[in-house]
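> Got a structure here, written out as structure tokens. Questions coming.
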Amino acid sequence: MAEKFTFPKGFWWGAATSATQIEGAANEGGKGKNIWDQWFEEEPNRFFNGVGPGTTSDFYHQYKEDIARMKDINFNSFRLSISWSRLIPDGSGEVNQEAVDFYNNVINEMIEQGVEPFVCLYHFDMPMAMQEIGGWENRETAECFGRYAGICFDLFGDRVKKWFTHNEPIVPVEGGYMYDFHYPNVVDMKRAAQVGYHTLLSHVFAVKAFREKDRAGGEIGIILNLTPSYPRSSHPADLKASRIADLFFNRSFLDPTVLGEYPQELIDLLGEHGMLPDTEGGDKELIKEGKVDLLGVNYYQPRRVKAKENLPNPSAPILPEWFFDHYEMPGRKMNPYRGWEIYPKGVYDIMINLRDNYGNIPSFISENGMGVQDEARFMEDGMIQDDYRIEFIQDHLEWLHRAIEEGANAKGYHLWSFIDNWSWANAYKNRYGYFSVNIDTQERTPKKSAYWITDVSKNNGFEK
């Protein structure tokens, strides 16, 4: 017998993307250089097949047709990001009118097509001019971000009612300052802590700019990649390892943005190892002002950890892995292309945690998805038969539905992504979209999942 999964009235169905990953036109329209343009110039070999951020999926020129496609598959919402370096080419100076026109056109077109714009202000794309003064290591960058945010609210806030300061703010901290997978490729946890701290302050300055004006009907939030840290066993050493992983990767941004303060345990841990960032008097009160109205949750895979097997090398740089080891759970289900575990129940666990420990803040799944290599293999009758993606989405939606039934305040589900887009150093290696993109011709073609999600959205649920 079929089981029916119906979602609350007004549920948000859509997808998410970011400026650098979809717009292209990296050197057009008066855009300033960002760190991705710079890194690709310096080390093109670090990018899959040598494909950089120059053209990507060309949304800059094809936004009208793409928004029509969103309408076709019955999206009611879509999250995009504004490129700081497109809007303010040097990060702190003059506003670029061509960018204002572009984003106005995109926002107006979305509203006309009945697709609500959810707008994120920062998605990994630091203007190069800001990076040159230290990026997030420099408090001045955070202040410039607050100014940029205020400009966006003034320009677009009459129509955009859902704002997000940052997408996955922990990722540039990890990638740029600990694990060498983002520019500027620094490995130094003390500097990473400073970057994380100023990133949080930039968020706070943006929230303050938002609250300073009467934003009728508007809400401001943040998008966090919450990855539950599951211990190998119930042994106290394994539990401690998972708690510490959770502090670093989840609570470092979740607690201050939702509860208004850092976890004391994290402060103590950083202090013990001489890793605390520089702060200023009054910052503690300031951070309390950065609490959000709405939380986006990006979830792809769980984090499984265990107590350390060996003592850390005392002369190697301190990293979070000084405190835990990663654990490969026997029998786990894997996405072999991305090397990520598929664990749909993680969505439920996150939502129940938010319900019980974070005031049941209004939230939504702002990214979830499955990247697969060489999808052309699954082409039949001119369409990619991505049943694996449909199954992936459906399994996660079932657990989300269960969390909602148990009182979690979840308002929507956005897939990563609407069309295949450029994925940072991975470029187009793995494809995530409801639509495939031929990067030579820029032709878009719906996959089977596009038709499936159209029905789900129309019916506000599905039968299984």
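> Per q in 0.24 Å⁻¹, report the Debye log10 I(q)/I(0) for the range 410-464, using one uniform scatterer on each alpha carbon and no solvent.
-0.96
> Tabulate in residue order the Karplus-calculated ³J(HN,Hα) for the range 6-20, using 6.51 cos²θ - 1.76 cosθ + 1.60 with θ = phi - 60°, rounded to whole Hz; enter x for Gly and Pro.
10, 9, x, 4, x, 4, 8, 10, x, 8, 9, 7, 9, 3, 5
> Please compute the per residue accessible area over the range 315-392 with all protein chains in place, 1.4 Å probe, rounded to a whole number of Å².
Details: 3590 Å² over 78 residues.
For the range 315-392, the per-residue accessible area is 46 Å².
> Along the principal axes of its C-alpha atoms, what lengths does the range 128-277 span, in descending order and rounded to whole Å?
Here the spans come out as 53, 35, 24 Å, largest first.
> Further question: Mind ranking Lys33, Lys9 by accessible surface for me, highest first, 1.4 Å probe?
Result, largest first: Lys9, Lys33.
> What list of ³J(HN,Hα) couplings, whole Hz, do you get for the range 173-189 from phi and the Karplus terms 6.51, -1.76, 1.60, once you set θ to phi - 60° and write x for glycine and proline?
These are the phi-based 3J(HN,Hα) values: 5, 5, x, x, 10, 9, 10, 6, 10, 9, 5, x, 6, 9, 10, 6, 5 Hz.
> Now for a different question. Which order do His414, His326 take when ranked by solvent-accessible area (1.4 Å probe, heavy atoms of all protein chains), largest first?
Reading off the accessible areas and sorting them downward yields His326, His414.
> Can I ask one more? Would you pull out the residues with amide H under 5 Å of Trp340's amide H, same chain only if 5 or more places away, H placed 1.01 Å from N?
Asn335
> Moving on. Search the structure for amide H atoms under 5 Å from the amide H of Phe118, placed 1.01 Å from N in the peptide plane, and list their residues when 5 or more places away or on another chain.
Phe78, Arg79, Leu80
> Taking a probe of 1.4 Å, how large is the accessible area per residue of the range 144-292, in Å²? Please report the intermediate quantities before stating the final value.
On the way: 5590 Å² over 149 residues.
So the range 144-292 comes to 37 Å² accessible per residue, rounded to a whole number.
> Under the rule of at least 5 residues apart or a separate chain, name every residue whose amide H is placed under 5 Å from the amide H of Asn225.
So Asn225 has HN proximity to Glu168, Ile170, Asn298.
> With θ taken as phi - 60° and the coefficients 6.51, -1.76 and 1.60, list the Karplus ³J(HN,Hα) couplings across the range 60-72 in order, rounded to whole Hz; mark glycine and proline as x.
3, 9, 10, 4, 4, 5, 5, 5, 4, 5, 4, 4, 4
> Still on this model: Of all the C-alpha pairs in the chain, what % are more than 36 Å from each other?
24
> Out of the DSSP beta bridges found with both residues in the chain, what percent are antiparallel (nearest 5)?
Within the chain, antiparallel bridges account for around 30 percent of the total.
> I've got another one for you. In whole Å, how far is the Cα centre of the range 3-47 from that of the range 354-429?
Each part reduced to its Cα centre gives a spacing of 16 Å.
> Given the whole protein assembly as supplied and a 1.4 Å probe, what does the accessible area of Lys291 come to in Å², nearest 10?
That residue has around 90 Å² of solvent-accessible surface.
> Related question: Do the sum for the chain: with -39,500 (n - 2.57) for every DSSP H run of n ≥ 4, divided by all residues, what is the mean residue ellipticity at 222 nm, to the nearest 500 deg cm²/dmol?
Taken over the chain, the calculation gives -11000 deg cm²/dmol.
> Sorted by accessible area with a 1.4 angstrom probe, largest first, how do Ser366, Ser234 fall?
The residues order as Ser234, Ser366, largest area first.
> OK, next. Just the number, please: carbon plus sulfur as a percent of the accessible area of the chain, 1.4 Å probe, no ligands or DNA/RNA counted.
The computed percentage sits at 48.
> Let me ask something else. Where the centre of each part is set by its Cα atoms, how far does the range 287-330 sit from the range 91-159, in angstrom?
If you average the Cα positions of each part, the centres end up 30 Å apart.
The values are calculated or read from the model by the stated rules, or taken from the named source; none is laboratory data. Keep in mind that this is a model prediction, so the values were computed, not measured. To get the accessible areas, we keep the full protein, side chains included, count just its heavy atoms, and leave off ligands, DNA and RNA. Shrake-Rupley method; radii C 1.70, N 1.55, O 1.52, S 1.80 Å.
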